[in-house]
Amino acid sequence: MSRASLATSLRSLADDLENVDQCAQALSPDVAINTWALTKRAVPCLIGRPIGHPSVTRGKPVASSELFYLDPERGIARTMSRWYRLGTRVDVEYWTDRIGGNP
């Protein structure tokens with residue numbers, strides 16, 4: 001998906017969530033889902049040690065919220081919750097070795 005398409009999709013999602021009370025009354029979706037259950041799935045994210053995070057102690061390893069934009073050349077990334085300035089990159093095995101299993 002292109003960056004422009006992703007931005008359009010996220011704006012549409014944000015608009016729908018902001019107006020859910022009006023949308024829910026007017027909606028009769030064409031698509032239904034039957035015998036459904038709530039589950040989880042893996043999404044791209046960053047793992048690392050944030051610096052200057054408002055609620056995470058400096059140096060404590062964390063996994064970010066879902067990653068939507070990554071530009072290593074510019075040294076920036078955007079997750080669902082915030083922008084990050086990218087520091088030193090490591091291979092994912094660095095974290096696998098330290099926390100065990102899949103990061």
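Summary of computed values
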| read-out | value |
| --- | --- |
| Of residues in region 45-103 being of a type in the set (D, E, K, R) and under 26 Å from Ala14 (Cα atoms), the one surrounded by the most Cβ atoms within 10 Å (Cβ to Cβ) | Arg78 |
| Residues satisfying the stated conditions in region 74-92, i.e. in a loop (DSSP other than H, G, I, E, B) and among the β-branched types (Val, Ile, Thr) | Thr88, Val90 |
| Near pairs, Cβ below 7 angstrom, 6+ apart or cross-chain, from region 1-27 (within 19 Å of Ser81 (Cβ to Cβ)) to any residue that is at pLDDT 85 or above and surrounded by 11 or more Cβ atoms within 10 Å (Cβ to Cβ) | Leu6/Phe68 |
| Cβ-Cβ under 7 Å pairs, at least 6 apart or on other chains, region 53-71 side at positive phi, far side outside any strand (DSSP E or B) | Gly59/Arg49 |
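The values are calculated or read from the model by the stated rules, or taken from the named source; none is laboratory data. Since the model is a prediction, treat every value here as computed from it, not as a measurement. Positions of Cβ are generated from backbone atoms using ideal geometry, with glycine treated the same way; all protein chains shown enter the neighbour counts.
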